[in-house]
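Some notes on the structure that comes next.
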Amino acid sequence: MEISPAELARVRADIPVLARCLFLNTGTLGPSPRPVTEAFLRAYTAWQDEGPGDPAHYQGRRAAIETARADLASLLGVAPDEVALTTNVTEALNCVLAGLPWRAGDEVVISDEEHPAIFVPALHLRRLGVRVRICPWERWGDGLSGYIGPRTRLLCASHVSSMTGRILPVAAVAEAAHRAGALLCLDGAQAVGQLAIDVPALGCDFYAFNAHKWLLAPVGSAGLVVRPQASDALTPVWVGAGSGEVAYAEDGELALAPGARRFEFATRNWAIGDGISAAVAYARAIGLERIAARQRALSGALAARLADIPGASVLGGGETGIATAALRGHDGPEVQAALAAQGIITRPVRERGAVRFSCAYFNTEDEIARAAAAMAAI
Ligand SMILES: Cc1ncc(COP(=O)(O)O)c(C=O)c1O
């Protein structure tokens, strides 16, 4: 069932920024609906007012963090113990890329459409003698075999491309990785909140994600799923209070926490749990399938309109909420700035000389038409 006009009006009333501009940049950061912001602020205010260092209050905050973990786990189809909460997806990806037992000569395969969140930590592995192989996005599937060899330890790519919104053919990729004895890590930054996701069914070993884009959770909501079959392969590089139990003696034992909690440590924003749970509940009340269908329809409609503009080339649209297009004679930042001057908020895709439109379920058909008209005018 489609999202009704009444539901849409209610959601839009919950998101104040939509009255100020034409917001097509949820792929960078999602605007939280009021009930999400309020849940987060209520928790933060109570924490401050009741005493931030008060152990009794801490316990309540920690319980809310555990609820958020369970909510995210259930959204992704995994057990809460498989989820580590992080501040951003980059941190989660670093847990994987830096946490494997690399030896000189080992190889990691990434795609040519990766965000710096994968590119930078992957290239950083070169200091250990690791070879980074860059397989073009189009070849992830049957064409991967030329990039996989006996020394391939990890394949790491976006579940949904942040440049074009295309979806990785995950089943074929997981099969290719595991046939070669390699592990698969997906970056779900552009997928969580866009698609209904069942991580076990995807067949990956690690799933890094954030909730502060398409799930519309407060900034600082993210995590890493570590599947049980791969947990022994990963060693946490950074640890601290909360990562495990320590015996305070020179020969004392350090017992890392079971499951993915070993990747969490020290002081965090303890109010974030309430915001995360509220964001999951908000999305669930509408339904991930309905959100995905509407976002596909909006970005597909935009891509179709953009394709009609002379000099425009469409790089993506209709698979998820993301549509991307380039205008001959203009680079991405130029187009993004021209759109921003008209109150249309997008993001440039510098690598492709293009601009990215994030069509979220709260955007309207009228907004899509306005964005296309603005592109035609440029
Ligand atoms: C595919 C992808 N990965 C990673 C990131 C980085 O996200 P974060 O700032 O949460 O680390 C982004 C953000 O734009 C992204 O699109």
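Observations on the structure shown:
- ALA266-SER145 pseudo-label distance in nm [points 7 Å out on the Cα-to-Cβ vector]: 4.7 nm
- Dividing the C-alpha radius of gyration of the chain by 2.2 N^0.38 Å, with N its residue count, gives 1.02.
- Potential lengthening between ARG62 and GLU2 on full extension [0.36 nm per residue; Cα-Cα distance subtracted]: 17.9 nm
- To the nearest 10, the accessible area of HIS178 is 80 Å² with a 1.4 Å probe.
- Shape of region 56-144 from the C-alpha gyration tensor: prolate (a/c of 1.5 or more and a/b above b/c, with a ≥ b ≥ c the square roots of its eigenvalues).
- R0 of 35 Å, Cβ-Cβ distance THR364-ALA196: FRET efficiency to nearest 0.05: 0.95
- Heavy-atom accessible area for ILE167, with the other protein chains in place and a 1.4 Å probe, reaches approximately 60 Å².
The values are calculated or read from the model by the stated rules, or taken from the named source; none is laboratory data. Remember, it's a predicted structure, so these values are computed and weren't measured experimentally. Cβ atoms come from the backbone with ideal geometry, glycine included; neighbour counts cover every protein chain shown. Remember, those area values only see protein heavy atoms, side chains included, never the ligands or the DNA or RNA. Shrake-Rupley method; radii C 1.70, N 1.55, O 1.52, S 1.80 Å.
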